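To start, the structure itself, in structure tokens.
No value in this document is a laboratory result; all are computed from the given coordinates. Please read these numbers as outputs of a predicted model, since none were measured by experiment. As a convention, Cβ positions derive from the backbone with ideal geometry for all residues, glycine included, and neighbour counts pool all protein chains shown.
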Amino acid sequence: MRIKTILAGLAMLLVALFATVLAIVNSTDFNAYRDWVAAQVKAATGRDLVLAGNVEVGLSLTPRVTVSDVTFRNADWGSEPAMLRFGKLTAEIELWPLLSDQIVIRRLVLSDADILLETNAEDVGNWVFGSGGGSTAPLPHVGEVEIQRLAFRFRNGVTGQAARLDIDQLTAQTDGPGGAISLAMKAAADGQILQIDGSLGALAQFTTGPLPVDLKGSLGDLTFAVGGRIDNPAAVDGINLDLTLAAPKPVTIAGFSLPGQGPYRLAGQLTGADGAFTLGAASGRVGDSDFAGELVYRIGAERPYLGLRLASTKLNSGDFGLAPVLSGPDKGPSDGRAFSAEPWDVPQLDFLDADIAWTAQEFNHGPYPLKNASIAFTLAAGKLTLSSVTGNLVDGRFSAAGSLDSMQSPAPLAVRLRADDVAAGPLLETMGLASVLSSRQANLEVEIAGPAQSLRSLMAGANGFVTFEAGRGQLQNRFARLLFADLFQLISFGGSDDAALVNCLVTRFRIENGIARARGLVLDTPGATVVGSGQIDLREERLGLHLDTQSKQVNLANLAVPMNVGGTLSSPSVTPDALGAVGNTAEFATRAADLATLGVLSSLTGLGESKDLGPDPCRTALDEGAKAGQGSTTSPGQKIQQGAGQVIEGIGEGAKAVGEETGKALESIGEGIGEGLNNLFGN
């Protein structure tokens, strides 16, 4: 009986207390709390909170308070007066904490809101609040938040960039005071659906830190996951997050579209402090290309900085949206010139500083891969410097370097290319000569510097040199007949039904202010040797070359003819050399040696002492001839005269054919090199 009496007394007490609470709530004018709430917010943030609408109260075991037309003031330097506006706010308030002057909100519903986050010129965010007089009054605890129709805007006061997020539905809830926030959101960004699920730290940790983060979501076709913590979320500092991104196809994020066609994957550990961010232990994939390493980003005093240290098993430039180097020159400009005058768009590159180092077991930027490749370049104050591109190219070695100063007008461009002992196929294909000449190995060295306005302007103001060397190979007979006409018997001596044998081919040009002067032009076959001299005016695309042919077969000597090659690269013309036509071997050798090769013919045709020239007789002969001519009082031509005893007779009918096709070959080489430069820097 005593227990029943006690329980009955407690029940009566609870009823009395509840009746008392209802009486308190019923007699309370919650509009009077508007100033108190505003004062609490002012004390905590230093900002004004204006509750312009009425405060309505619905009585129940959990009273419901509804506030409309609320504005939270922006920072004094803000671009707009309000940082936060909302049309309606409904809060379900716990009764018992009110008895001790505490506010615990069980559920809060916010609708038709607009939030503006922005930074000033010093990169300080408007979410960094003042002390407000130093009050330590705590903010209310909120158990659950539901947001409907909220516009979230961001403006960067340093860069001027802006972004917008339109939230359709957001729910966030905690298990109790100081508990983590469970989050679910559906929104729209950049015209794509954004969904996020996961958890964040307690509300107080958004300002005091550290803030735990565990989120997963998607933006259109992009999926992501973020986990870790932010030590100082108010200043976006002390970041330590595990990050993963993946997308099956291109997506656009904040105006930036992912390059290539995908799929994409990126994972790593994101850390950051004092405006410097690092994605360490990074790994990823773009299309068929993979990479791993480290990415560094710093805000910088003048401009951002990006640093990459990456390694790939396979790297394909096409996966990143870069067009591959074309195999062979294009059809040329419509005005009949060899070099296009189409302007190159060279933007000023001072928006970013960068230091990139990337290695790849296989790098593809054309029809032939570069094995064991290494790429390094920097971008500083608008100047792009390609420190090196190296690798193995079709059994040989390839290297390249260059620079482009985008802050000058016109932008000076310099490029250096070198291919040593490379299978000749790739180089001949690039120059459009794959169907003409075949060779096992070849060497190419190019150094060009000039204004980056157009290919035509670059060549017109070019300085540098071009060297191409091909070893033993074959000249296709269908081309040889067209090229040499009656000389076909001479050139094809010792060949097969399909091709004429070629011992070697060397072309060397020194370029000064748009004038390419020959420093060695030699084509050697079992039947004859062709030696050239002269120049090509790249400014006007005019040819001024002289070619001499020396027969190695006495019975075919009358087919060997000298000629002058003129006209333009697009339309070469050939005229027989009258002096050479009536001259003898001594005159021929004098001219060839003094103007072009310094003893090449004596080595190749047997006019001098016979010697083993090795696997590349043309290059060896040029080098030996150059050495023989150094420090001698007798000209190379006179030396050859002393050993000459054979007379060249007659002018072959094939002179014009030889000259015309030689001009076309030179045109193809010039266009091929120019197109290669255009592809390299255009992409």
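Across all C-alpha atoms in the stretch 30-256, the radius of gyration and Dmax reach 18.3, 58 Å.
For Arg519, the residues 5 or more places off, or on other chains, whose built amide H falls under 5 Å of its own are Arg508, Phe509, Arg510.
Using +1 at the C-beta of Lys and Arg and -1 at the C-beta of Asp and Glu, which of Gln40, Asn54, Asn240 has the Cα lying farthest in the positive direction of the dipole of the stretch 30-256? Value: Asn54. Counting only residues 5 or more places away or on other chains, whose amide H sits under 5 Å from the amide H of Gln453 once H atoms are built in the peptide plane? Amide H neighbours of Gln453: Leu458.
Close amide H partners of Gly527, meaning residues 5 or more places away or on another chain with modelled amide H under 5 Å apart, are Phe493. Our summary gives the stretch 30-256 a relative contact order of 11 percent, counting only alpha carbon pairs under 8 angstrom and 6 or more residues apart.
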